[in-house]
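Below is one structure, written out as structure tokens; the observations come after it.
Laboratory data are not the source of any read-out in this text; all were calculated from the coordinates shown. Fair warning: this is a prediction, and the values are worked out from it, not measured in the lab. Cβ atoms come from the backbone with ideal geometry, glycine included; neighbour counts cover every protein chain shown.
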């Protein structure tokens, strides 16, 4: 399923798609776009694009920054930059070892908020080195942007999907998946970084997979990860 560009708030847009997994399991995908001064766009976790969607993005401005937010959300970064060759890729530093064919504009570790006009704050979720997820806060819309920190999938439709999501943590509500939890090797470091994320004054949470959480997003995350926050 290919969706059209949807406005979420002022200067904040999303584009949705679906990934077909083995066994017919479908996983929703989302790219988040932020309009920056100078008709520049910031794009988080690209999805595959058709020509119509690429034109919709161009109608907003020129993609200048493409974010691969962890060591797994990079599958469509290359094709996205092929369509928008002026865009610079920013990613966790270890992704250049995993995807040496991508040409990076810089690492998230070395980037500073003024690169994005100080409109986007960002932090790493520490304690999970094989995943290395980064999360972002768009201050103007009070929105947290993440990839796999939380899922909020629809109720599964097929028996196989029901089994798959029951094993991985559930669907039909905001969920911290078991796979994400298995990646946390240092709960103390994860707790420390998540506490900093929860200090941001956000209500909305836009994740890569599932329905956007429009209200009480910080409280939702706090409850999902309460056992780590007590570490």
Region 117-229: relative contact order as a whole-number percent, Cα under 8 Å and 6+ apart: 30 percent
Value of relative contact order over region 90-176, rounded to a whole percent, pairs C-alpha under 8 Å and six or more apart: 17 percent
Final fewest-first order of 137, 151 on the 10 Å Cβ neighbour count is 137, 151
For a test of the definition: using alpha carbon positions, the gyration tensor, and the 1.5 limit on a/c, classify region 3-43 as rounded, prolate or oblate. prolate
Computed curve, region 96-202, Cα-only Debye sum without solvent term, log₁₀ I(q)/I(0) at 0.13, 0.18 Å⁻¹, is -0.63, -1.04
Between residue 97 and residue 121, what's the calculated FRET efficiency when r is the beta-carbon distance and R0 is 45 Å? Round to 0.05. 0.95
Label-point separation in nm, residue 6 to residue 223, each point 7 Å along Cα→Cβ: 2.2 nm
Most mobile listed residue (129, 92, 100) in the chain, GNM with C-alpha springs under 10 Å: 100
DSSP beta bridges in the chain: the antiparallel percent, rounded to 5, is 65 percent
Largest fluctuation, 71, 115, 125 only, Gaussian network model of the chain with Cα springs under 10 angstrom, belongs to 115
With contacts defined as alpha carbon pairs under 8 Å and 6 or more residues apart, what's the relative contact order of the chain in percent? 15 percent
Rounded to the nearest 5, the percent of DSSP beta bridges in region 1-130 running antiparallel is 60 percent
Separation in nanometres of the label points that stand 7 Å from Cα toward Cβ, at residue 59 and residue 158: 3.4 nm
How much length is gained if the chain between residue 140 and residue 20 is pulled fully straight, taking 0.36 nm per residue apart and subtracting their Cα-Cα distance, in nm to one decimal? 39.8 nm
Binning at 10 Å from 0, report for region 171-231 what percent of all alpha-carbon pair distances ends up in each bin. 20, 55, 25, 0
